[in-house]
Amino acid sequence: MSDGRYFFALWPNEAVRDQLSAVNRRMAANGRPHHADDLHMTLVFLGQVADSQLRRIHDAADVIRGRPFTLHLDRTGYWPRPRILWAGPERTPEPLSQLVFDLKNNLIPCGFEPERRTYKPHVTLHRKAESTDPGKIEPSIEWPVTEFVLAVSGGGAGGSPRYRVLQRWPLGTAGDSLTNDADSISVNRR
């Protein structure tokens, strides 16, 4: 069994990360802010993964075609039970819903049971946050989404990022990963 917890996600570029960090600072919530390099939008959470499942997980992602889109992050919210401050879209764009649906369906043969809850796209800004008033993000953050990633938790010591991107897949094509950021994974193929 691999260490860490795996998940598919959207990973923002530097400009979007900077804007999300600025929103987080404006909210001034007590608690634990996410490291700027850890900001992401989870698509499908996998949890711990057996080494033997990794190849099948990569295969499931390789066939995703998806299409690039712009995600409009236009509101913040607060979930009291987990005490999470988040940013997200007022409406979920169809290409995002389709990407999540395709990933979940492709992962069933890999032994993953799709989550039954309705997908609620969000970027966690702060954990263990004090209650805060949700509101509009004005102007909204325009996030050009051109890829999705497989990431894993682990690390985070001394204020460093907790998450590591292992592989990236472009939207709009299938069969090729963009880059392999982990030394242990080499999956580029046609």
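The values are calculated or read from the model by the stated rules, or taken from the named source; none is laboratory data. Predicted model only: the values in this text are computed from it and were never measured. For neighbour counting, all protein chains shown are included, and Cβ atoms are generated from backbone atoms with ideal geometry for every residue, glycine included.
Quick notes on this one:
- Test: E115 is touching a strand residue (DSSP E or B) at 6+ places or on another chain (Cβ under 9 Å) and part of a strand (DSSP E or B): no
- If you check A15, A60, A22 for being touching a residue at least 24 places away in the same chain (Cβ under 8 Å) and among the small types (G, A, S), only one passes: A60.
- Subset of region 4-25 (residues that are surrounded by fewer than 20 Cβ atoms within 10 Å (Cβ to Cβ), part of a loop (DSSP other than H, G, I, E, B) and not hydrophobic (A, V, I, L, M, F, W, C)): G4, R5, N13
- Each residue in region 121-159 was checked for being surrounded by fewer than 20 Cβ atoms within 10 Å (Cβ to Cβ), modelled with pLDDT under 95 and outside any strand (DSSP E or B), and 13 pass.
- Scanning region 70-85 turns up no residue that is within 20 Å of L171 (Cα to Cα) and free of Cβ contacts under 8 Å to residues at least 12 places away in the same chain.
- Of all residues in region 38-59 being touching a helix residue (DSSP H, G or I) at 6+ places or on another chain (Cβ under 9 Å) and hydrophobic (A, V, I, L, M, F, W, C), the one that is surrounded by the fewest Cβ atoms within 10 Å (Cβ to Cβ): L46
- Among the residues making up region 26-47, those that are assigned to a helix (DSSP H, G or I) and over 17 Å from G77 (Cβ atoms) are A36, D37, D38.
- Subset of region 65-75 [surrounded by 14 or more Cβ atoms within 10 Å (Cβ to Cβ) and modelled with pLDDT of 95 or more]: F69, L71, H72, L73, D74, R75
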